[in-house]
1. Filter segment 169-187 for residues that are surrounded by fewer than 17 Cβ atoms within 10 Å (Cβ to Cβ) and not in a helix (DSSP H, G or I) and give the result.
2. If you check Ala241 against the conditions, is it more than 30 Å from Arg52 (Cβ to Cβ) and either among the aromatic types (Phe, Trp, Tyr) or free of Cβ contacts under 8 Å to residues at least 60 places away in the same chain (or both)?
3. I need the full set of residues from segment 36-54 which are open to solvent by 10 Å² or more (accessible area, probe 1.4 Å) and either small (Gly, Ala, Ser) or more than 20 Å from the chain's Cα centre (by Cα) (or both), in order please.
4. All but one of (1) open to solvent by less than 10 Å² (accessible area, probe 1.4 Å); (2) farther than 20 Å from Gly68 by Cα; (3) assigned to a helix (DSSP H, G or I) hold for Gln190, so report the exception by its number.
5. Is it the case, given these coordinates, that Ser223 is hydroxyl-bearing (Ser, Thr, Tyr), assigned to a helix (DSSP H, G or I) and either at pLDDT 95 or above or under 29 Å from Leu90 (Cα atoms) (or both)?
6. Can you tell me how many residues within segment 201-214 are touching a residue at least 24 places away in the same chain (Cβ under 8 Å) and surrounded by fewer than 16 Cβ atoms within 10 Å (Cβ to Cβ)?
7. Within segment 10-35, how many residues are without any contact (Cβ under 8 Å) to a residue 40 or more places away in the chain, over 16 Å from Ile116 (Cβ atoms), under 18 Å from the mean Cα position of the chain (by Cα) and not in a loop (DSSP other than H, G, I, E, B)?
8. Any residue in segment 242-251 that is more than 22 Å from the chain's Cα centre (by Cα), modelled with pLDDT under 95 and not charged (D, E, K, R)?
Amino acid sequence: MSKPNEDRVRISVDDRGVAEVALTRADKMNAIDAAMFRAINDGIEQLKADARVRVVVVHGEGKAFCAGLDMGRFAQMGQGQASGTLGMDLLTRSRGLANDAQYVAWGWRQLPVPVIAAVHGVAFGGGLQIALGADIRLVHPEAKLAVMEVKWGLVPDMAGIVLMTELMRADVVRELTYTGCVVSGVEAQQIGLATRVSDAPLAEARALAAQIAAQSPDSVRASKRLLNGASPVQAGAVLMAESMEQKALIGSPNQREAALAGLEKRAPVFR
């Protein structure tokens, strides 16, 4: 098992069993590139194998939680050079029910312990999906969150469809997904994207993690298994459907036009 690249992700575990996962690409607002995908997935596997861990806090360093997919990738898509999310094989189930791209969000659900996301700045597209994989989201009231994929001619394909369907009314999920509209942390709480708002989400996440870590670890792990099993969503089927729809979209004429228009800051002209 490889350790995560600390230029992208840093992990620490204290003597109470509280693990912190920091996204460390602050100069790029923690945008997800190939190295970030690998580092998050390696970090999840590291935590899964660490018997000391009782709870996990995920946060982003710098100005943002995570701005989503690296802009360079959209430039490649606009030029017709992209075959998948950062070149990944979308259809192979390399991580249980998920592929490597989905695991950066779905993997938090698969950890045996609770995961708390502390969200500030922006959580756009894939960045929002990473946060959605957590059990609990503490969000700054002025944070900005968006299901941004439609702006690039894509669909949420990092487990977002599964996770949003669990959290929000179906019509709200559809509006966010069809429009790519940006909501504040306050609005996110109102519609179900955020557990609650906090002026100091990381400090509150750490305090909540300490509270959870003080409970019986057997009870907490059993509770997470039960809650995971209670989901009405057929995760395996929906995760595969995400991948199939995305694979069909990437590189298509209208997707390329959406990506180019976004990069050139102009209105797209679709066929």
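The values are calculated or read from the model by the stated rules, or taken from the named source; none is laboratory data. Keep in mind it's a predicted model, so treat the numbers as computed, not measured. Don't worry about glycine lacking a Cβ; one is built from the backbone with ideal geometry, like all the others, and counts go over all protein chains shown. Keep in mind that these areas ignore ligands, DNA and RNA; they rest on the heavy atoms of the full protein, side chains included. Shrake-Rupley method; radii C 1.70, N 1.55, O 1.52, S 1.80 Å.
1. Arg169, Gly180, Cys181, Val182, listed by residue number.
2. When the stated conditions are applied, Ala241 does not pass them.
3. Of everything in segment 36-54, those that are open to solvent by 10 Å² or more (accessible area, probe 1.4 Å) and either small (Gly, Ala, Ser) or more than 20 Å from the chain's Cα centre (by Cα) (or both) turn out to be Ala49, Asp50, Ala51, Arg52, Arg54.
4. Result: Gln190 passes all but (1).
5. Against the criterion (hydroxyl-bearing (Ser, Thr, Tyr), assigned to a helix (DSSP H, G or I) and either at pLDDT 95 or above or under 29 Å from Leu90 (Cα atoms) (or both)), Ser223 qualifies.
6. 1
7. So the count comes out to 3.
8. Scanning segment 242-251 turns up at least one residue that is more than 22 Å from the chain's Cα centre (by Cα), modelled with pLDDT under 95 and not charged (D, E, K, R).
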